[in-house]
1. Can you give me the angle between helix 240-249 and the longest principal axis of the chain, using Cα atoms only, in degrees from 0 to 90, rounded to the nearest 10?
2. Can you tell me which aspartates and glutamates have their Cα less than 18 Å from the Cα of K361? Leave out same-chain residues fewer than eight positions away.
3. Hey, if you drop one equal point scatterer on each alpha-carbon of region 155-272 and run the Debye formula without solvent, what base-10 log of I(q)/I(0) do you get at q = 0.11, 0.18 Å⁻¹?
4. With labels modelled as points extended 7 Å from the Cα through the Cβ direction, what inter-label distance (nm, one decimal) is found for V58 paired with E183?
5. For a bin width of 10 Å, list the pair-distance distribution of region 207-305 built from all Cα-Cα distances, rounded to whole %.
6. Which loop-located trypsin sites (Lys or Arg not before Pro) does region 5-49 contain, where loop means any DSSP state but H, G, I, E or B and the Cβ has at most 15 other Cβ atoms within 10 Å?
7. Alpha carbon centre of region 46-106 versus region 347-386: separation in Å?
8. What dipole magnitude, in Debye to the nearest 20, does the chain give about its Cα centre under +1 on Lys/Arg Cβ and -1 on Asp/Glu Cβ?
Amino acid sequence: MKIVAVLPHFAPDVAPTGTIWTRIVEELAERGHHIDVVTALPWYRTHQIESGYEGRLVRREDTPWGSITRVHPFPVADKTNILRRALGFGGFSTLAATVGLRGHRSDIVVAISPPLTLGLTGAAIARARRARFVFNIQDVFPDVAIELGHLSNPSVISAARWLERRCYALADAVTVLSEDLHENVAAKVADAGKVHTIPNFVDSETIRPGDRNNGYRREFGLGDKIVVMYAGNVGMSQSLDALIDAASALAHDDRIAFVINGQGAQRSSLERRAQGLANVTFVDMQPLDRLPEVLAAADLHVIPLKKGLASSSFPSKLYSILASGRPVVASVDEGSDIATVVERSGAGVAVAPDDPESLTKAIDRLTREPAELQRMGESGRRFIENHASPAAIAARYEELFESLLV
């Protein structure tokens, strides 16, 4: 097949979505498919174009399996500035469409959201290349922005919802990551049969259980503490205030160190809240090849998602944590797919979102039960080995693409 993949991020960019789709493209290429990638210049780490990529709006390179065309993403560091972010998304999507329209006839065009505007980009490229269009939803927008309070103007919400439904209508198939997201999106399309659930994967060969007493612990002075870690984007969707509250409540317990590893819009405010807490350490985002070491350094990971977001977002970091053989406390909506995966895998516990007391109690209890932490970590690893390999997920996309061409 000849495939065009319109992606917001691609290696060497380090965004989780980019990491996942880079590997899917590689897996599809190994299966003999020709792939043209249209993506952004790398910018995710610092929210500005990375060194070596500046100075040009468009850069193109040939690969053994096709090509990569990178365009300017018009990055905005302040995620609370909705107007500037919308203009940035629009500029990136328009530029991606401009370069993507030119090219040979293709079989499949797949585009990733967010940003939602790439739905129009993907549909336009598919029409120009006489291809079928697959729209992959990583987070459901505008639902996430509405839940976070970033969108409140009724007219803007109405326009965003119209754009969302229009993109779904233009797609020949819509893929989502979980049953919660499937239910959300299926309610918004005329034909619910076009919505397919294909979860993200984790590279279980690269991310494996490792020694907790590693270089990461030594570098950041964690010693032999029981490390409770949040690793990921320090953004608006995460209820990290609750983790700081838990650290404050457990400040008397000198066995435990809390680590927030990552960067994002909320980092500076969290650092202000954590002032005076000797048991909290902030660490900048680490290089991607260091991810297994970062995950292994923790004894317990935390996924704190704000109330109401589990039906429109599924954090890919969950599978990485399970692959690393480490347990997790998920502060998420009851009955959500995230909670279900945690409980079904036996890899941890789920507690109510935005509830510092429940989170604190769970952390306090589990950090006093090392044998239970080990059992949970081993159980999570077994779950990943059986359910979420890269080859299996790429095969499901290939099967979907082929079904659309019949």
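The values are calculated or read from the model by the stated rules, or taken from the named source; none is laboratory data. Just so it is clear, the model here is predicted, and its values are computed rather than measured. Don't worry about glycine lacking a Cβ; one is built from the backbone with ideal geometry, like all the others, and counts go over all protein chains shown. In case anyone asks, the SASA skips ligands and DNA or RNA and just uses the protein heavy atoms, side chains included. Shrake-Rupley method; radii C 1.70, N 1.55, O 1.52, S 1.80 Å.
1. Approximately 10 degrees, to the nearest 10.
2. Hits, sequence-local ones excluded: D241, D245, D253, D254, D299, D333, E334, E343, E369, E372.
3. The computed values of log10 I(q)/I(0) come out as -0.66, -1.03.
4. 4.4
5. 16, 52, 30, 2
6. R31
7. If we compute the Cα centre of each part, the gap is 39 Å.
8. It works out to roughly 1160 debye.
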